[in-house]
Every structure is written in C-alpha cells, then in structure tokens.
1. Which semi-axis lengths, in whole Å and largest first, follow from the square roots of five times the eigenvalues of the Cα gyration tensor of region 115-164?
2. For the chain, just the Cα atoms, rotate onto the principal axes and tell me the three extents in Å, largest first.
3. Can you work out the FRET efficiency for the pair Phe109 and Arg10, with r the C-beta to C-beta distance and R0 = 45 Å, to the nearest 0.05?
4. How much length would be gained if the chain were fully extended between Ser28 and Glu91, taking 0.36 nm per residue of separation minus their Cα-Cα distance, in nm to one decimal?
5. Taking just the alpha carbons, could you work out the radius of gyration and Dmax for region 87-198, both in angstroms?
6. Please report, in Å, the Rg and the Dmax of region 62-138, where both are computed over Cα atoms only.
7. Which residues among region 17-58 fall inside the zone where the amide N is under 17 Å from a point 7 Å beyond the Cα of Arg102, along Cα→Cβ?
8. Counting only the backbone N, which residues of region 157-193 are under 18 Å from the spot 7 Å out from the Cα of Gln20 toward its beta-carbon?
Amino acid sequence: MPVYEGNGKRFTIPDGMTLQELPVVSISTNVTTYFGINLESAVIVKPESTITFYVEVPLDLGVFVTDGKRYRQIDLKERFSKKYSLYGSVENGIVYRYWVSRVSDSPFFSEDRALTKVVVKNEADTIGDLKIVLFDVRYFSLFKDEDKVIGEEIRLERLKKGLAIVKPTNNPSIPGAKVMDYTPLNPFTRGIEMGEGT
C-alpha cells in the first residue's frame, strides 16, 4: 500500500483509495473558523438599496484521501502566509483570518484565489459604509467553472446602523458553476452578526 509523508506526518493509504490535492480556503481552523475579507476600498451603500460586488478569497492546497465519494483531509500545503485579527471587543470579539481584497463590480480571476460575489442589501434608512465581510468557513463551499475556482455567494443584510447579518447562500458566485464534492453545501448555514465596519 502507498504511503504519504509530509509535514512530519505519515499515512498508509488503503487499497481502493487515492490522494488528491484540492483547493481549500487559506485558513488554519485550529486557530479560528472565521474569515474576514477586508475591502481594499470601503463600499458605500445607499439607504434601502441593494448592490453587488466581487472579491477574492485565497486558496491553499489540501491533501485529501478519497474513494471517489468520501473525502478526508490529511494535510495542508500552504500558499499564503496567515495573519489574524480581532473583530469587536477584547471581551466578546471574534478572532478571524485577516485578508485584504480588491473590490470590483464585475467578475475577475486570479491564480490561487476563489472569485466570490457579495450581495449587500441595505434595509436601513441610513448610508452604509462597508469595510469588512466576515464569514464562517465551515459553511462556505467552493465551486468549479472549467479551470476556475468559484466561492459561494455571500449575502450581507444591513438591518440598521451598526448591525448586519452575513451568511453564505448555497449558490455559486458564477451561475452554472458546480459544487466541489469535498465542500458540500450546508443546509444549516448560520449567519454572523456584524456590528462594526457596516
């Protein structure tokens, strides 16, 4: 039986199973499962309106053992250095993976990154000033469109000044993209409350 060795790990691969290197969101989940897309330029949202823009999420390579239906990640090949920050107060805040992304009103593609669509609905009667989009990678799926990696569409609802709800939508950011089997859609997606940067 073949043996995998890497990063001080050693695994014997059973017959009928293979190894695959597949893209995963660049984050160390033993530190946090929260990912924060800090926008290179703040996005202004008019009262009671909806806007759409695109960002990018960095991708590492996960090493998976699979029988073609089930997947288990056994290692990680990092492509990006990782920074972490605190969202909110020291007492009640969230530690998140810090990432800065450009913002575009049309799709754009970069190597080693997943294009991600953000839909912002401002239900408040005040102007929104969006600086960060925070999400939980446990509920974030990846899709494929030919050779491009596509992130799950994220929806941000600004309910009032200082309060927004962010959640993935189970939809690809590009229509027609197919979900990757090892990042299945989660019907129990949880929203995150954001009180700052909105």
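1. Numbers: eigenvalues 144, 24, 13 Å².
Those come to 27, 11, 8 Å.
2. 64, 41, 29
3. For R0 = 45 Å, the calculated efficiency reads 0.80.
4. Value of the extension gain: 20.5 nm.
5. When restricted to Cα atoms, region 87-198 yields Rg and Dmax of 14.6, 45 Å.
6. 17.2, 52
7. Answer for this model: 38-43, 53-58.
8. 177-186
No value in this document is a laboratory result; all are computed from the given coordinates. Remember, predicted model here, so these are calculated numbers, not experimental data. All Cβ positions, glycine included, derive from the backbone under ideal geometry; neighbour counts span all protein chains shown.
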